[in-house]
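Accompanying notes for the structure given below.
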Amino acid sequence: MLSEIAEDFVNADDSGPAVKKQLAEFINNLWSKKLSDTTLKEKSAKYLRPVNCETLTTPRVNPEIWEKLSHSVKQHDLRSSSIQKTVSSAGAAMCKSIEMLLEMRNSKQPMSDSDIQKLVKMASDAVALLGHTHIDLSHRCRDLIKPHLNKDYAGLCASHVPITALLFGDDLQTQLNNIRASNRVSNTAVGNRHKQTKGHPS
């Protein structure tokens with residue numbers, strides 16, 4: 001059963017017709033790295049949950065249960081909640097754009113350039129927020145795999161290692177070679193320091 005599920009994921013990356021080159025570059029850029037803290041905060045603040053969209057929110061742990069949780073579990077929950085909050089902001093942006101489209105349809109007025117610009121901006125912000133979440137979740141996946149890697153290669157999970165269609169980047173062999181070289185330098189430096197300290201009279 002697990003093999004069948006895994007196979008579904010492997011085959012789930014089918015693609016459709018290409019979009020405009022400039023748009024593709026825009027999307028690829030947004031979905032290749034996280035937003036800065038300032039940008040994330042600004043974009044999230046623009047799209048608050050409509051008061052009557054109760055489910056467009058980040059569920060909180062019931063206080064009675066929260067009090068009983070360990071520190072590590074709380075940290076894990078807070079990180080997950082942060083990801084959900086960003087998704088909720090993207091959902092609010094899409095909700096706002098849908099409402100705007102419905103209002104335009106009902107008014108039966110031609111769409112102005114200003115209206116189009118607003119919709120494109122909202123859609124772009126939603127894509128940016130989802131791209132941030134996408135990268136955040138990929139880093140979470142790395143963190144889950146990290147304990148199962150040889151400790152010498154823990155550097156594969158570093159934030160500077162690019163995430164592409166492959167979790168540890170396209171050129172894994174180069175990454176491994178760089179880590180081996182770095183480890184050799186570190187081991188040599190530490191080894192020499194250890195010898196000098198050991199041979200120094202007390």
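The values are calculated or read from the model by the stated rules, or taken from the named source; none is laboratory data. Keep in mind that what you see is a predicted model, and the values were worked out from it rather than measured. Glycine gets a Cβ as well: all are built from the backbone with ideal geometry, and neighbour counts include every protein chain shown. With ligands, DNA and RNA removed, areas are computed over all heavy atoms of the protein, side chains included. Shrake-Rupley method; radii C 1.70, N 1.55, O 1.52, S 1.80 Å.
A few notes on this one:
A quick yes/no check of all residues on (1) of a type outside the set (S, T, N, Q); (2) within 25 Å of Glu99 (Cα to Cα); (3) out of contact with any strand residue (DSSP E or B) (no Cβ under 8 Å at 6 or more places or on another chain); (4) at pLDDT 95 or above:
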{"position": "Ile5", "(1), (2), (3), (4)": "yes, no, yes, no"}
{"position": "Phe9", "(1), (2), (3), (4)": "yes, no, yes, no"}
{"position": "Asp13", "(1), (2), (3), (4)": "yes, no, yes, no"}
{"position": "Pro17", "(1), (2), (3), (4)": "yes, no, yes, no"}
{"position": "Lys34", "(1), (2), (3), (4)": "yes, no, yes, no"}
{"position": "Thr39", "(1), (2), (3), (4)": "no, yes, yes, yes"}
{"position": "Tyr47", "(1), (2), (3), (4)": "yes, yes, yes, yes"}
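- Applying the condition of being over 20 Å from the mean Cα position of the chain (by Cα) and not polar (S, T, N, Q) to segment 24-60 and asking which residue is nearest to Ile83 (Cα to Cα) yields Arg60.
- Leu101 being open to solvent by 50 Å² or more (accessible area, probe 1.4 Å), assigned to a helix (DSSP H, G or I) and in contact with a Leu (Cβ under 8 Å, 6 or more places away or on another chain): yes
- Flag if Pro110 is in a loop (DSSP other than H, G, I, E, B) and under 17 Å from Trp31 (Cβ atoms): no
- Total residues in segment 27-37 satisfying the condition of being outside any loop (DSSP other than H, G, I, E, B) and within 10 Å of Gly131 (Cβ to Cβ): the figure is 4.
- Segment 67-81 - residue that is surrounded by 12 or more Cβ atoms within 10 Å (Cβ to Cβ), out of contact with any Asp or Glu (no Cβ under 8 Å at 6 or more places or on another chain) and not β-branched (Val, Ile, Thr) and, of those, nearest to Val51 (Cα to Cα): Ser81
- Asp143 being open to solvent by less than 80 Å² (accessible area, probe 1.4 Å), in contact with a Cys (Cβ under 7 Å, 6 or more places away or on another chain) and among the acidic types (Asp, Glu): yes
- Count - residues of segment 39-61 that are over 22 Å from Leu119 (Cβ atoms), open to solvent by less than 90 Å² (accessible area, probe 1.4 Å) and among the polar types (S, T, N, Q): 2
Yes or no, residue by residue, for (1) under 30 Å from Ile163 (Cβ atoms); (2) touching a residue at least 24 places away in the same chain (Cβ under 8 Å):
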| site | (1), (2) |
| --- | --- |
| Ala18 | yes, no |
| His76 | yes, no |
| Ser89 | yes, yes |
| Ser97 | yes, yes |
| Leu102 | no, no |
| Arg105 | no, no |
